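The values are calculated or read from the model by the stated rules, or taken from the named source; none is laboratory data. Remember, predicted model here, so these are calculated numbers, not experimental data. A quick note on method: Cβ atoms are made from the backbone with ideal geometry, for glycine too, and the neighbour counts reach across all protein chains shown. What goes into the accessible areas is simple: the full protein's heavy atoms, side chains included, and nothing from ligands, DNA or RNA. Shrake-Rupley method; radii C 1.70, N 1.55, O 1.52, S 1.80 Å.
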Amino acid sequence: MTDFTELRNTMIESQIRTDGVTDPAVLGAIRKISREQFVPDECIPYAYADCPIRLSVKPVARGLPAPRDFALLVQAAGIEPSDVVLDIGCGSGYSTAVLARLADTVVALEEDNILAEKAMGTLAELGADNAVVVKGDLKEGYPGQAPYDIIMLSGAACRIPEGLFSQLAEGGRLVAVVYGAVNGNVRVYEKTGGGVSSRTICKATASVLPGFEAEPDFVFAS
């Protein structure tokens, strides 16, 4: 029988802590969540591997980021126990389960109905009663419960829709893996005085969420 607890501990020590994730709260939250519960059955043997996990192909390919990239994203958010978090693109709910151990409330937004139902069921099994899964267009966020102290994209973006910043509380932060011309980086956007500043934390990769692709280049008609 597979010892998932041992695999989880090995993942933390060999993939996550060695890449600069040292926040005890973040490591503790990840240690408590069974990643194998959130992946398709055929991917369970790879749940703790140092790689992304495919969650679905249709209507849009979706994936769970590699453990190292996900942990860096969570640490960069700097979540406090009193925070209200919007988890955009929660997928099967793994990110939400981890965030729910760090924050007061987590609103998990998902537009894929199958993934949303999976997230709802697994979070209910875990007793994550401070998390709620809502369905909607990812790029629109979820203004009905705004403002948020933290908005986290559980995936990557080539651009951040401006409307999401309006859903941040003063002093709130949006964190995401953002792709430039070549590489992806964990970026933190902070709202202060009505404006938004940003900084790059480190390199990371993740699947680009639907609605967060690059704007198409303008082409002159021939």
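Structure notes:
- Of all the listed residues (5, 10, 22, 18), the sole one being surrounded by fewer than 19 Cβ atoms within 10 Å (Cβ to Cβ) and either outside any helix (DSSP H, G or I) or aliphatic (A, V, I, L, M) (or both) is 22.
- Region 83-108 - residue that is open to solvent by 10 Å² or more (accessible area, probe 1.4 Å) and assigned to a strand (DSSP E or B) and, of those, farthest from residue 148 (Cα to Cα): 105
- Per-region count, region 179-189, residues open to solvent by less than 50 Å² (accessible area, probe 1.4 Å) and within 26 Å of residue 115 (Cα to Cα): 3
- The residue of region 190-204 that is surrounded by the most Cβ atoms within 10 Å (Cβ to Cβ), among those that are touching a Gly at 6+ places or on another chain (Cβ under 9 Å) and not β-branched (Val, Ile, Thr), is 204.
- Any hit, region 170-178, residues being in contact (Cβ under 8 Å) with a residue 40 or more places away in the chain, under 24 Å from residue 39 (Cα atoms), small (Gly, Ala, Ser) and open to solvent by less than 10 Å² (accessible area, probe 1.4 Å): yes
- Single condition residue 164 does not satisfy, out of (1) more than 18 Å from residue 78 (Cα to Cα); (2) open to solvent by 60 Å² or more (accessible area, probe 1.4 Å); (3) among the hydrophobic types (A, V, I, L, M, F, W, C); (4) not in a loop (DSSP other than H, G, I, E, B): (2)
- Restricting region 32-69 to residues that are in a helix (DSSP H, G or I) and in contact with a Ser or Thr (Cβ under 9 Å, 6 or more places away or on another chain), the residue that is surrounded by the fewest Cβ atoms within 10 Å (Cβ to Cβ): 45
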